[in-house]
Amino acid sequence: RGKSINTIVAYKGDINQLIRFLMDKEKVEAVELVTVKSIESFKKDLTDNGYTAKSVSRKLNSIKNFFAYLKAEGKCEVDPSTEVKHPKYENEAPKILKAVEYRSLRDACRNDIRASAIVELMLQAGLRIKEIENMKMTDVKENEVVIETYESHPTRNVPLNNSAKMALKRYVEDIRGESKSKNVFITKTGRILLARNIRSLLDRYFTKADIKDIKVNDLRNTFIVYQLKAGVPIDVVSQVCGHKRISTTEKY
């Protein structure tokens, strides 16, 4: 279905967790023996062990997809998950940086040209961390970057304002140099700067800027909210950010 690697890994973990529970606590060792009661017991066990309603709902999504697939493949006659209801929960509002935090983060990494370019691309262009990892030199144009198709995300062109454009240009010319790597962001030894490296780098500057309870994706959230506040049409913001559905943008 073109799901992201993270989604596939998460679904696999959820299903394996259910299997372990069924075998260890319910003594169920065949898929056709799984009942509504079995899955309800798993749901209760998750809640008893401190999982939030949102996490339980996510795991039920994995399980429902799994049993729908098994039934479609003829591996079981009855789908026991259809009668199991999701717990109710309210989605938290996306977290965004306050104006003072916004300025503090940019100031904190001002002398780190590579980190500054990454921060500008996330805060000023709304790029995902994986998109920064994947970005090739051939994707960088004069006033925009091309985000190539990856996982389930289609190709899109993202415009760069002057701040993001200058930060990226400065990094490429002053730090990256003539590396043979195809990727824009690289380590000191010329290897690809992986998403986990980018996350560690940004976490270090969150600490330096004294910004608490912030995650890397909140930089992208901040870009989206600021664009909407500035009056940019929601369909344009949705397209620039690469949202598959405009309803995703509407939550902001």
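A few remarks follow.
- Set Arg106, Arg110, Arg114, Arg128: member being touching a helix residue (DSSP H, G or I) at 6+ places or on another chain (Cβ under 7 Å) and closer than 23 Å to Lys180 by Cβ: Arg114
- Condition check for Asn61: open to solvent by 20 Å² or more (accessible area, probe 1.4 Å), part of a loop (DSSP other than H, G, I, E, B), at negative phi and not small (Gly, Ala, Ser): no
- The stretch 149-181: number of residues that are surrounded by fewer than 15 Cβ atoms within 10 Å (Cβ to Cβ) and either aliphatic (A, V, I, L, M) or not in a helix (DSSP H, G or I) (or both): 12
- Scan of the stretch 70-107 for residues that are among the basic types (Lys, Arg) and open to solvent by 80 Å² or more (accessible area, probe 1.4 Å), ordered by number: Lys71, Lys75, Lys85, Lys88, Lys98, Arg103
- Cβ separations smaller than 7 Å between residues 6+ apart or across chains give the following pairs from the stretch 214-228 residues that are in contact (Cβ under 8 Å) with a residue 60 or more places away in the chain and among the hydroxyl-bearing types (Ser, Thr, Tyr) to residues that are crowded, with 19+ Cβ neighbours inside 10 Å and not in a helix (DSSP H, G or I): Thr222/Ile96; Thr222/Leu97.
- Complete set of residues in the stretch 21-58 that are part of a helix (DSSP H, G or I), open to solvent by less than 80 Å² (accessible area, probe 1.4 Å) and more than 20 Å from Glu83 (Cβ to Cβ): Ser55
The values are calculated or read from the model by the stated rules, or taken from the named source; none is laboratory data. Everything numeric in this text was worked out from a predicted model, so none of it was measured. All Cβ positions, glycine included, derive from the backbone under ideal geometry; neighbour counts span all protein chains shown. Keep in mind that these areas ignore ligands, DNA and RNA; they rest on the heavy atoms of the full protein, side chains included. Shrake-Rupley method; radii C 1.70, N 1.55, O 1.52, S 1.80 Å.
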